[in-house]
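The values are calculated or read from the model by the stated rules, or taken from the named source; none is laboratory data. Since the model is a prediction, treat every value here as computed from it, not as a measurement. Quick reminder, even Gly has a Cβ in these numbers, built from the backbone with ideal geometry, and neighbours come from all protein chains shown. We work out accessible area using only protein heavy atoms, side chains counted, and drop any ligands, DNA or RNA first. Shrake-Rupley method; radii C 1.70, N 1.55, O 1.52, S 1.80 Å.
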Amino acid sequence: MARGSEAPRPGDRRVISSVRMPRRYLLILVGIGALAGGGTVLGGLLGGEPTAIWIGVPTLALFAGLALGRATMTAHPREGLVVSVYGIFRAGIPWESIEDVERAAPTGLLAGMGLRRLRGGTTGYLIGGDSVLITVRSGRYRVSVRRPDDVVEEIRSRIGAAERA
């Protein structure tokens, strides 16, 4: 639960965490995108090759989209958690299916970004940086979050409220 906030009420629906890619990964991704896309566009302009421009511009747009991505976790009062990454990939996790939640090691570029299939059958909703691991009856989710200790506390309080209801 966020510092200074009160315990969740049954009707509360709120964003628990919304996080962008960490700056160190953002700089790497923007650099690669600028070199790949920008170099292709520049080569096309200087070499008079329009095909290169048609490849370079979408490449720049793709890397810009990746760089602007975000991972979001929203708590719905009855339904449970909704996790999403890039606003495209999303999953609903019912409160009653959550068995445990814990802080997980931060992820980096090697774990990938977006919707990922990780070792052990874990589904990742990753943007890089801090994350939590949510264990449910049917598997596990690893989600990039801001302030993982607060997120763990918030989810545990909501699970406890759902069990008491």
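Given the criterion closer than 30 Å to residue 30 by Cβ, modelled with pLDDT under 90 and open to solvent by less than 10 Å² (accessible area, probe 1.4 Å), identify the matching residue among 71, 67.
Working: 67 fails: open to solvent by less than 10 Å² (accessible area, probe 1.4 Å).
Sole residue among the options that is closer than 30 Å to residue 30 by Cβ, modelled with pLDDT under 90 and open to solvent by less than 10 Å² (accessible area, probe 1.4 Å): 71.
Can you confirm whether segment 18-32 contains a residue that is more than 23 Å from residue 131 (Cβ to Cβ) and at pLDDT below 80? Yes, the conditions are met somewhere in segment 18-32. Of all residues in segment 111-165, those that are in a helix (DSSP H, G or I), free of Cβ contacts under 8 Å to residues at least 40 places away in the same chain and either of a type in the set (D, E, K, R) or surrounded by 16 or more Cβ atoms within 10 Å (Cβ to Cβ) (or both) total 4.
Each residue in segment 25-53 was checked for being touching a Gly at 6+ places or on another chain (Cβ under 9 Å) and surrounded by fewer than 13 Cβ atoms within 10 Å (Cβ to Cβ), and 2 pass.
What is the residue count in segment 133-156 for residues that are under 24 Å from residue 27 (Cα atoms) and either among the hydrophobic types (A, V, I, L, M, F, W, C) or in contact with a Gly (Cβ under 7 Å, 6 or more places away or on another chain) (or both)?
Narrowing segment 133-156 to residues under 24 Å from residue 27 (Cα atoms): 142-148.
From what's left, either among the hydrophobic types (A, V, I, L, M, F, W, C) or in contact with a Gly (Cβ under 7 Å, 6 or more places away or on another chain) (or both): 142-145.
Here the count works out to 4.
Restricting attention to segment 21-52, the residues that are in contact (Cβ under 8 Å) with a residue 60 or more places away in the chain and not in a helix (DSSP H, G or I) add up to 2. Residue 96 fulfils the conditions (1) among the acidic types (Asp, Glu); (2) open to solvent by less than 60 Å² (accessible area, probe 1.4 Å); (3) touching an Asp or Glu at 6+ places or on another chain (Cβ under 9 Å) except for a single criterion, (2). Mind checking which pairs have a first residue in segment 70-93 that is in a loop (DSSP other than H, G, I, E, B) and a second that is open to solvent by 50 Å² or more (accessible area, probe 1.4 Å), Cβ under 6 Å, 6 or more apart or different chains? As it stands, the answer is 77/10; 77/11; 77/13, since those pairs meet every condition given.
In the set (1) modelled with pLDDT of 75 or more; (2) over 30 Å from residue 93 (Cβ atoms), residue 52 fails one condition alone, (1). Among the candidates 90, 78, the residue that is out of contact with any strand residue (DSSP E or B) (no Cβ under 9 Å at 6 or more places or on another chain) and closer than 26 Å to residue 149 by Cα is uniquely 78.
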